[in-house]
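Heads up, the thing below is written out as structure tokens.
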Ligand code: AHM
Ligand code: MG
């Protein structure tokens with residue numbers, strides 16, 4: 001007997017039918033899945049084709065190297081356009097908001113097609129992160145930039161690992177694995193573990209002395225309780241977190257010996273990095289806050305490439321550091 005696995009598309013179709021939703025979201029997700037698979041293919045074959053170098057390099061065939069992040073951007077925009085469902089997109093790879101289908105579209109997509117770029121030359125995991133919001137169907141659409149709480153879904157591919165994770169509004173966070181036929185299959189609901197024994201802490205330790213004193217103090221008091229892991233690609237670190245629990249943080253840099261290198265706003269981008277993992281984390285029972293200790297999902301972006309500090313993970317741990325950040329505990 002052949003053992004068949006449920007595919008992502010079948011899972012989503014059932015989800016849409018159960019909630020009396022239209023198929024527009026399926027069409028959009030089909031496009032995003034196609035982009036994810038195509039980027040995965042390019043990444044896996046990249047070292048041999050010479051695509052993992054930096055732009056300006058020449059590959060072994062004597063051709064100009066196209067940077068992987070440019071390739072991933074081109075692929076994603078192609079599929080978003082052909083879906084016919086996207087009003088406009090915001091991408092880390094494009095300075096401006098990208099108008100796609102302002103009249104007929106239904107969704108806004110915020111994405112980073114190649115996050116964790118320092119891993120690219122090594123072929124190590126990177127992420128394709130995306131958040132989706134819907135056009136205002138009741139009144140006039142002002143096209144404003146949405147806070148994470150207004151996303152209807154957010155997800156990530158961990159490439160080339162072959163996993164795809166999607167948070168659906170009020171319907172959980174689900175993980176899928178790529179199979180031999182390049183289908184994402186076997187939906188598994190992700191729920192952060194309550195038991196701290198598997199929890200891990202994840203932050204760039206070399207930045208540690210540049211964090212606010214209260215954050216440094218919190219780390220000193222708490223780090224010995226947990227294992228430490230850091231991959232340098234948010235999607236990969238967050239992927240571990242979803243199974244093991246704990247906290248990933250990219251705090252504000254406020255005490256750098258060279259003040260020009262301070263990043264009081266943090267490093268990660270709100271719309272297509274922090275809000276994306278915060279959304280998936282909420283749907284898996286966790287939470288995320290900013291340097292001010294307020295929920296990431298509540299932050300209304302003022303500009304599309306806005307940055308924020310990020311503390312995301314198991315509720316108890318994030319609530320604990322949030323009290324410190326708000327100076328209330
Ligand atoms: P990128 O968009 O330039 O790749 O930067 C985002 C990445 C995240 O994936 C990762 O968590 C973080 O930056 C790592 O930064 P650092 O090298 O400063 O630790
Ligand atoms: Mg990025």
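General remarks:
- Per-region count, the range 238-281, residues within 22 Å of residue 325 (Cα to Cα), more than 12 Å from ligand 1 (Cβ to nearest atom), part of a helix (DSSP H, G or I) and in contact with a strand residue (DSSP E or B) (Cβ under 8 Å, 6 or more places away or on another chain): 6
- Test: residue in the range 227-237 that is assigned to a loop (DSSP other than H, G, I, E, B) and crowded, with 18+ Cβ neighbours inside 10 Å: yes
- Just one residue in the set 102, 187, 140 is away from ligand 1 (no atom under 16 Å from the Cβ) and modelled with pLDDT of 95 or more; that residue is 187.
- Out of 193, 187, 251, sole residue that is touching a residue at least 24 places away in the same chain (Cβ under 8 Å) and more than 28 Å from residue 292 (Cβ to Cβ): 187
- Enumeration of residues in the range 90-133 that are within 19 Å of residue 277 (Cα to Cα), assigned to a strand (DSSP E or B) and free of Cβ contacts under 8 Å to residues at least 60 places away in the same chain: 108, 133
- For the residues 212, 205, the requirement of being within 23 Å of residue 325 (Cβ to Cβ) and surrounded by fewer than 18 Cβ atoms within 10 Å (Cβ to Cβ) singles out 205.
- In the range 196-221, residue farthest from ligand 1 (Cβ to nearest atom) [restricted to those that are under 23 Å from residue 284 (Cα atoms) and part of a helix (DSSP H, G or I)]: 197
- Checklist (1) in the same structural domain as residue 312 (by TED's automatic domain parsing); (2) exposed (fewer than 15 other Cβ atoms within 10 Å of the Cβ) applied to residue 200, failing item: (2)
Conditions tested, residue by residue: (1) in the same structural domain as residue 277 (by TED's automatic domain parsing); (2) within 16 Å of ligand 2 (Cβ to nearest atom); (3) under 15 Å from the mean Cα position of the chain (by Cα).
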residue: 129; (1), (2), (3): no, yes, yes
residue: 134; (1), (2), (3): no, no, no
residue: 146; (1), (2), (3): no, no, no
residue: 172; (1), (2), (3): no, no, no
residue: 212; (1), (2), (3): yes, no, no
residue: 220; (1), (2), (3): yes, no, no
residue: 230; (1), (2), (3): yes, yes, no
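- For residue 154, the criteria (1) within 16 Å of ligand 2 (Cβ to nearest atom); (2) in a strand (DSSP E or B); (3) closer than 17 Å to residue 75 by Cβ hold in every case but one, which is (3).
The values are calculated or read from the model by the stated rules, or taken from the named source; none is laboratory data. This one's a predicted model, so the numbers in the text were calculated from it and none came from an experiment. Here the Cβ is made from the backbone with ideal geometry for all residues, glycine too, and neighbour counts use every protein chain on show.
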